[in-house]
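A short worksheet on the structure shown next.
The values are calculated or read from the model by the stated rules, or taken from the named source; none is laboratory data. Bear in mind that the values here come from a model prediction, so they are computed numbers and not experimental data. For neighbour counting, all protein chains shown are included, and Cβ atoms are generated from backbone atoms with ideal geometry for every residue, glycine included. The area values use the complete protein model at the heavy-atom level, side chains included, leaving out ligands, DNA and RNA. Shrake-Rupley method; radii C 1.70, N 1.55, O 1.52, S 1.80 Å.
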Amino acid sequence: MVIAKMQEPPDVLGYRARLELYNEKGAEVESEAQAARTLINSIIEDTSTPSDNAALARIDNRIENLDDTRRQLKQETRELL
């Protein structure tokens, strides 16, 4: 996206296409992360399912941290562009 904007003249169509793909993939990642966290939490809450709840909670926490990092990256990308 940055290269498309820096070209002379700027590649407006290329930029828009890449931005749209970037946003679509970001939404996919967010959706899949939320689905994973929902599944993890349902396994933890289901006492009839044998599971390592501490390990699952750590995985859930890591996904949450990745979401925070992704939001920060998205903000920095907006500022860059």
Note to self: Please give the charge dipole size of the chain, origin at the Cα centre, charges +1 on K and R Cβ atoms and -1 on D and E Cβ atoms. Round to the nearest 20 debye.
What the structure shows: 280
Notebook entry, point to check: Ordered by residue, what ³J(HN,Hα) values in Hz, to whole numbers, does the stretch 64-81 give under the Karplus form 6.51 cos²θ - 1.76 cosθ + 1.60, where θ = phi - 60° and Gly and Pro are x?
Noted result: 4, 5, 5, 4, 4, 5, 5, 5, 5, 4, 4, 5, 5, 5, 4, 5, 5, 6
Next item on the list: State the Kirkwood hydrodynamic radius of the chain in Å, one decimal place, computed from all pairs of distinct Cα atoms.
Entry: 15.0
Checklist line | Contact order relative to length of the chain, as percent, for alpha carbon pairs under 8 angstrom and 6 or more apart | finding: 24
Item checked: Span from the the stretch 46-68 Cα centroid across to the the stretch 17-34 one, whole angstrom -> 23
Notebook entry, point to check: If you roll a 1.4 Å probe over the heavy atoms of the protein chains, what accessible area per residue do you get for the chain, in Å²?
Noted result: 78
